[in-house]
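Note sheet for the following structure.
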Amino acid sequence: MDKPAILLFHGLASNPKELAYIAQGLRVAGYYVVIPELKGYTHTLLNNSEYGDWINLALDEFDKVAFSHKEVVVGGLCIGALLALHVAQNRKVHKILALSTTLYYDSWGNHWTKLLLPLHPFIPFSGRISIRERSPYGVKNIRLRELLAKQMKRKGISRAGASRLLVSDIYEARQLAKDVEVNLSKITAPILILHAEEDEITTLKSAYTVMRKVSSKIIRCTILTNSYHMISIDNDKWLVVTETLDFLRAKNAI
């Protein structure tokens, strides 16, 4: 029996490199993996777009893969997980991989300015303001953290994402989260939720909200204990691959 294709979405203002380790593990296991770059969403293609534009592009990418593959798994990291969930709300997907799903910015590593996001539409030119990413850059691994800091300083981006995020983009991501959350009950496909216990961006509340509100009969949730937000590159990345492969191979597992 042919394996399903796997469509993965990277995080906001980042690039496919943050999912490269997972993609490699899946490809070695014989899966066809696609990590698209989206205009207005991927770091090199940012253009002050709205979250509805991201959704349409994500759906287009799904339709392309589904045209040549009978079964398609959708997944993503951070805001990419929200895009995957939105696709699952509007298309028939085989399974879902939700990594570090960010419904809320409610953990200890958020910059205080994110509390002002609701005011963005009412403050002239606020969309041009950027928030600088700072240590720990989503990773618990200290050596990797140092490498990411050097990459961000030199290139403005690293495997953990961009060195700065525009307020307008973060606001759109928050609107996407609200849209996804209110429609979680539409999701019926088997879902794997992977979330770090110490995620510095979004607490376990996001993971538990997805678990509680989806209509899926098969729900698997693994809490990682040795990573921060960027579980795809941090200390538990091998476990992310192992759990993902186990979930993809299982017919009925909770």
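The values are calculated or read from the model by the stated rules, or taken from the named source; none is laboratory data. No experiment lies behind these values; they were computed from the predicted model shown. Virtual Cβ from ideal backbone geometry, glycine too; neighbours counted across all protein chains shown. These area figures cover heavy atoms from the full protein model, side chains too; ligands, DNA and RNA do not enter into them. Shrake-Rupley method; radii C 1.70, N 1.55, O 1.52, S 1.80 Å.
A count restricted to the range 144-168 and to residues that are closer than 17 Å to Tyr41 by Cβ and among the hydrophobic types (A, V, I, L, M, F, W, C) stands at 6.
For the range 222-244, a residue qualifies if it is among the polar types (S, T, N, Q) and either assigned to a loop (DSSP other than H, G, I, E, B) or in contact with a helix residue (DSSP H, G or I) (Cβ under 8 Å, 6 or more places away or on another chain) (or both), and the qualifying residues are Thr222, Thr225, Asn226, Ser227, Ser232, Asn235, Thr244.
Of the residues screened, Lys150 is not one that is open to solvent by 40 Å² or more (accessible area, probe 1.4 Å), basic (Lys, Arg) and assigned to a loop (DSSP other than H, G, I, E, B). Scan the range 168-186 and give yes if some residue there is in contact with a strand residue (DSSP E or B) (Cβ under 8 Å, 6 or more places away or on another chain), open to solvent by less than 40 Å² (accessible area, probe 1.4 Å), closer than 16 Å to Ile79 by Cα and in a helix (DSSP H, G or I), otherwise no. Yes, the conditions are met somewhere in the range 168-186.
Only one of the numbered conditions (1) surrounded by 21 or more Cβ atoms within 10 Å (Cβ to Cβ); (2) touching a residue at least 60 places away in the same chain (Cβ under 8 Å) is violated by Ser158, and that is (2).
Of the helices (runs of 4 or more DSSP H) lying entirely inside the range 1-92, those containing at least 3 residues that are of a type in the set (A, V, I, L, M, F, W, C) and surrounded by fewer than 24 Cβ atoms within 10 Å (Cβ to Cβ) span 20-28, 51-68.
Note on the range 203-254: among residues that are of a type in the set (Ser, Thr, Tyr) and open to solvent by less than 20 Å² (accessible area, probe 1.4 Å), the one that is farthest from the chain's Cα centre (by Cα) is Ser216.
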